[in-house]
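The values are calculated or read from the model by the stated rules, or taken from the named source; none is laboratory data. Because the structure is predicted, anything quoted here is derived from the model rather than measured. In this analysis, Cβ positions are derived from the backbone assuming ideal geometry, glycine residues included, and neighbour counts consider all displayed protein chains. The protein model used for the area step is the full one, side chains on, heavy atoms only, and it has no ligands, DNA or RNA in it. Shrake-Rupley method; radii C 1.70, N 1.55, O 1.52, S 1.80 Å.
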Amino acid sequence: QVQLVESGGGLVQAGGSLRLSCAASRRLRGISDMGWYRQAPGKQREKVATITPGAGTYYLDSVRGRFTISRDNAENTVYLEMNNLKPEDTAVYYCNVRGAVVVERMYDYWGQGTQVTVSS
């Protein structure tokens, strides 16, 4: 079993930047998708950014051009660089990694969440 440990959240003023990190407890094989979701109080969880090896990236329209998702060569860490942060970005951010070595060994891991608060 794999654990995803998140870090990098915090309090920042509007216009500032943060870099979120998500580290897997071990190297993962057969990754199909990895990315970030967020959930604000009283709102539904939404997909922020994902990266699919060999296919490309996805970004929520409201963060496109401001956020950048990336991963290291070993595929054990995924990052979210957040620039020009806005109060509407305030939420708990969750890391997610999905994949499979074989169909019978599919996995779907989630991080514990990290709080991002952007003041006006």
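Can you confirm whether segment 62-69 contains a residue that is surrounded by 15 or more Cβ atoms within 10 Å (Cβ to Cβ), closer than 22 Å to Gly15 by Cα and in contact (Cβ under 8 Å) with a residue 60 or more places away in the chain?
Of all residues in segment 62-69, those surrounded by 15 or more Cβ atoms within 10 Å (Cβ to Cβ) come to 63, 66-69.
Going one step further and asking which of them are closer than 22 Å to Gly15 by Cα, we end up with 63, 66-69.
Filter once more, keeping what is in contact (Cβ under 8 Å) with a residue 60 or more places away in the chain: none.
No: segment 62-69 contains no residue that is surrounded by 15 or more Cβ atoms within 10 Å (Cβ to Cβ), closer than 22 Å to Gly15 by Cα and in contact (Cβ under 8 Å) with a residue 60 or more places away in the chain.
For segment 9-18, which positions are farther than 12 Å from Arg66 by Cα and open to solvent by 30 Å² or more (accessible area, probe 1.4 Å)?
Taking segment 9-18 and keeping what is farther than 12 Å from Arg66 by Cα, we get 9-14.
Within segment 9-18, Gly9, Leu11, Gln13, Ala14 qualify.
Taking segment 5-34 as the range and being modelled with pLDDT of 95 or more and at positive phi as the test, the residues that pass are Gly8, Gly10, Gly15. Is it the case that segment 82-96 has a residue that's among the small types (Gly, Ala, Ser) and more than 20 Å from Ser120 (Cα to Cα)? Looking for residues that are among the small types (Gly, Ala, Ser) and more than 20 Å from Ser120 (Cα to Cα), one finds none in segment 82-96, hence no.
Ile69 fulfils the conditions (1) assigned to a strand (DSSP E or B); (2) out of contact with any Gly (no Cβ under 7 Å at 6 or more places or on another chain) except for a single criterion, (2).
Checked against (1) touching a residue at least 40 places away in the same chain (Cβ under 8 Å); (2) in contact with a helix residue (DSSP H, G or I) (Cβ under 9 Å, 6 or more places away or on another chain); (3) under 19 Å from Val92 (Cα atoms), Gln39 passes all but condition (2).
Residues are listed down the side, and each one gets a yes or a no for (1) more than 10 Å from the chain's Cα centre (by Cα); (2) open to solvent by 30 Å² or more (accessible area, probe 1.4 Å); (3) free of Cβ contacts under 8 Å to residues at least 40 places away in the same chain:
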position	(1), (2), (3)
Val78	no, no, no
Asn83	yes, yes, no
Tyr93	no, no, no
Arg98	yes, yes, no
Trp110	no, yes, no
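If you take the residues in segment 20-55 that are part of a strand (DSSP E or B) and aliphatic (A, V, I, L, M), which one is surrounded by the fewest Cβ atoms within 10 Å (Cβ to Cβ)?
Among residues in segment 20-55 that are part of a strand (DSSP E or B) and aliphatic (A, V, I, L, M), the one surrounded by the fewest Cβ atoms within 10 Å (Cβ to Cβ) is Ala23.
Which one of these does Ile31 not meet: (1) free of Cβ contacts under 8 Å to residues at least 40 places away in the same chain; (2) closer than 22 Å to Val102 by Cβ? With respect to (1) free of Cβ contacts under 8 Å to residues at least 40 places away in the same chain; (2) closer than 22 Å to Val102 by Cβ, Ile31 is out only on (1).
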